[in-house]
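Please read the structure below before turning to the comments.
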Amino acid sequence: MSRQMKFVAFLMAGPTSHHHAMWRHPQTENRFLDPVFWESLARTLEAGKFDGFFFADVLSFYNETTMARGGQMSLLDPIPLVAIMARATSHIGLGVTISTSFQEPYAIARVLSSLDVLSGGRIAWNVVTSAIDREAQLFGEALLPRSERYDRAEEVLKVCLDFWTGWADGALFLDKESGDFIDEAKMRRTDITGKYVAAKGVFTVPPSIQRHPVIMQAGSSPRGRDFAASYAELVFTLQHSLPDMQAFYGDMKDRADKAGRSPDDCAILVSVDPIIGETESIAREKQAYINDLVDPRLAIPFMSAHIGVDLSQYPLDRPINDIPAEAGSRGSFDVILQATKASNLTLREAAKHFATSELCPQVVGTPESVADQLQEFFDNKGCDGFIVTATEMPGSFEAFTRSVVPILQKRGVFRKKYPGSTLRETIQM
Ligand SMILES: Cc1cc2nc3c(=O)[nH]c(=O)nc-3n(C[C@H](O)[C@H](O)[C@H](O)COP(=O)(O)O)c2cc1C
């Protein structure tokens, strides 16, 4: 079988999303308080044989402007949504973002493992370190410096993995006849004391059929890349163009190799924003329409919050250069610099495009041409697959699964059925 693309849908637990104007599109259903909406969306994505979907998450409002004008935000906790969507589906992977910076590993391991068991081994954990001071403030804390955030993340993840491998196969008896409940000899005690977290005791949740959740990661600083190369099975990245994707792809595969893993075990997924039309010109009109709906008042505050630098102090009519930033996301800053250089964008222009597709490709055209563009990225080692973002909800996903997926299936680059039942089996296909 030829190499197969991976598709993961980008969701947020609320009406807003990657594209800042999605919630304002006339075709968008802002039914995020209705569980039936989420069930139906999960079924749409499963019918399209997506590897999975995941909820990106942010624990606070980015700032007053994005709160008032509808920038990216989570208005619900994603965990219950994932539980609801798991019950409406049987194969699709279910990704949830949890920050390692504010919770103890036992709480994270317990909720994720429980979801993994109940969903039949379909959970992914997007491990984030959090990058916004306001998130820390909601926990009564301050954001640690970047390298310490990763030190803590590594400790938290190691404790979770230790918990998740603590039960040997066949540990759970539940034998009514003998009264034997759990085979004590098959249970390992966790005993870890780190600089940031500690855990001592026996983990209480039995393993799922994929043993533990798939690990996703999206760090982009050198430290973030090493962390992802060591642990992540799926890496989510923002890249502006094919050469940028290729550079990231090559670098991550090298780092995975150096970390002693097979580069194939660390799949790189780039963000794309497909806009599909009956003709090329209809698709271009749709693109212009949705991009023009972005509120210009959001652009600079949102980009500032993402990279952890107040950009209002810089001239709007000049390109932005690299600035050291302790908070914020290196990945977001990288894509801003890539696009600024490629198209000689002013800060104002870069901010506007950042509020549409976060400066990642908008893949625009007929279903055939969208499929061609995706294949170009995939065939030329820009990526192993895609994080698909929406401009209309759920219309973008309906159009994509109905029109682009069958073309990719016919070309033999995307599955027609799921290979097994767990997410790990699906992504290893
Ligand atoms: C594509 C992408 C997606 C991300 N998604 C989230 C998210 O949903 N929630 C979150 O708190 N951080 C998210 N982040 C932030 C990263 O996980 C990380 O905490 C941040 O980028 C700082 O690390 P870095 O400097 O190594 O990039 C994302 C970053 C990137 C590049």
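Every number in this text was worked out from the coordinates using simple rules, so none of it is lab data. None of these values were measured; they are calculated from a predicted model. Cβ: placed from backbone, ideal geometry, glycine included. Neighbour counts: every protein chain shown.
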Distance between Cα centroids, segment 371-429 to segment 71-126: provide it in whole Å.
-> 22 Å
List the relative contact order of segment 1-60 as a percent without decimals, with contacts defined as Cα pairs under 8 Å and 6+ residues apart.
-> 50 percent
Pop a pseudo-label 7 angstrom from the Cα along the beta-carbon direction at both Glu285 and Ala68 and give the gap in nm to one decimal.
-> 3.5 nm
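Assign unit charges at the C-beta atoms only (+1 for Lys and Arg, -1 for Asp and Glu), then state the dipole size of segment 303-373 relative to its Cα centre in Debye, rounded to the nearest 20. Walk me through the numbers on the way to the answer.
Numbers: 5 positive and 9 negative charges, 36 e Å.
Value, rounded to 20: 180 debye.
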Please give every one of the lysines within straight-line cross-link reach of Lys176, meaning a C-alpha to C-alpha distance under 23 Å, and leave out same-chain neighbours fewer than 8 residues apart.
-> Lys186
Most positive-pole-ward Cα, Ser101, Phe32, Ala9, against dipole of segment 1-122 from beta carbon charges | Ala9
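Tell me the net charge near Leu118. Cut-off is 14 Å between Cβ atoms, Leu118 excluded, with +1 for each Lys or Arg and -1 for each Asp or Glu.
Numbers: positive: Arg87, Arg110, Arg122; negative: Asp116.
With Lys, Arg at +1 and Asp, Glu at -1, the neighbours total +2.
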Based on the mean of other beta carbon atoms within 10 Å per residue, what is the order of 311-317, 298-304, 173-179, 378-384, most packed first?
-> 298-304, 378-384, 311-317, 173-179
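Does segment 129-236 classify as rounded, prolate or oblate by the C-alpha gyration tensor (a ≥ b ≥ c root eigenvalues; a/c under 1.5 gives rounded; else a/b over b/c gives prolate, otherwise oblate)?
Working: a/c = 2.85, a/b = 2.08, b/c = 1.37.
In terms of gyration-tensor shape, prolate.
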Which of Phe386, Ile407, Tyr231, positive extreme of dipole for the chain (C-beta unit charges) | Ile407
Computed ³J(HN,Hα) along segment 347-357: with the Karplus parameters 6.51/-1.76/1.60, θ = phi - 60°, integer Hz and x for glycine or proline, the list is 4, 4, 5, 4, 5, 4, 5, 5, 7, 9, 10
With +1 on each Lys and Arg Cβ and -1 on each Asp and Glu Cβ, and nothing else charged, work out how big the dipole of the chain is about its Cα centre, in Debye to the nearest 20.
-> 380 debye
Here the percent of antiparallel bridges among DSSP beta bridges lying wholly in the chain, to the nearest 5, is 20 percent
Using modelled backbone amide H atoms (1.01 Å from N, in-plane), which distant-in-sequence or interchain residues come within less than 5 Å of Ser329's amide H?
-> Ile307, Gly308
Starting from the coordinates of the alpha-carbon atoms of segment 316-429, obtain the Kirkwood hydrodynamic radius over all distinct pairs and give the value in Å to one decimal.
-> 16.7 Å
Amide H contacts under 5 Å for His19, placed H, 5+ residues apart = Ala390
Quote the FRET efficiency, to the nearest 0.05, computed for Arg24 versus Arg402 with a Förster distance R0 of 22 Å and r equal to the Cβ-Cβ distance.
-> 0.40
List, in order, the whole-Hz ³J(HN,Hα) value for each residue of segment 128-145 obtained from phi through the Karplus relation with A = 6.51, B = -1.76, C = 1.60 and θ = phi - 60°; use x for Gly and Pro.
-> 10, 9, 6, 9, 10, 4, 4, 5, 4, 4, 5, 9, x, 10, 10, 5, 6, x
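Evaluate the charge dipole of segment 269-343 about its Cα centre and quote only its size in Debye, nearest 20, assuming +1 on the Cβ of each Lys and Arg and -1 on the Cβ of each Asp and Glu.
Details: 6 positive and 11 negative charges, 27 e Å.
The calculation lands at about 120 debye.
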How many nm separate the modelled label positions at Lys176 and Lys381, each set 7 Å beyond the Cα in the direction of the Cβ?
-> 5.9 nm
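What FRET efficiency comes out for Arg297 versus Asn321 if R0 is 35 angstrom and r is the Cβ-Cβ distance? Round to the nearest 0.05. Show your work: numbers first, answer last.
Values: r = 24 Å, r/R0 = 0.69.
The pair Arg297/Asn321 has a calculated efficiency of 0.90.
Could you sort out which of Lys381/Lys410; Lys49/Lys417; Lys6/Lys417 sit more than 18 Å apart by Cα distance in this structure?
Working: Lys381/Lys410 21 Å; Lys49/Lys417 7 Å; Lys6/Lys417 13 Å.
Beyond 18 Å: Lys381/Lys410.
Taking K and R as +1 and D and E as -1, what net charge do the other residues with C-beta under 12 Å from the C-beta of Thr89 add up to?
Working: positive: Arg43, Lys49, Arg87, Arg122; negative: Glu39, Glu46.
Summing Lys and Arg as +1 and Asp and Glu as -1 gives +2.
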Mind listing the long-range amide H neighbours of Ser271? Cut-off is under 5 Å, sequence gap 5 or more, other chains count too, H placed in the peptide plane at 1.01 Å from N.
-> Thr237, Gln239, Ile387
Estimated vicinal HN-Hα couplings, Hz - segment 415-429 in sequence order (Karplus 6.51, -1.76, 1.60; Gly, Pro = x) | 4, 9, 9, 6, x, x, 10, 9, 5, 5, 4, 4, 6, 8, 5
Tell me which lysines have Cα within less than 18 Å of Lys158's Cα, excluding those fewer than 8 residues away on the same chain?
-> Lys195, Lys200
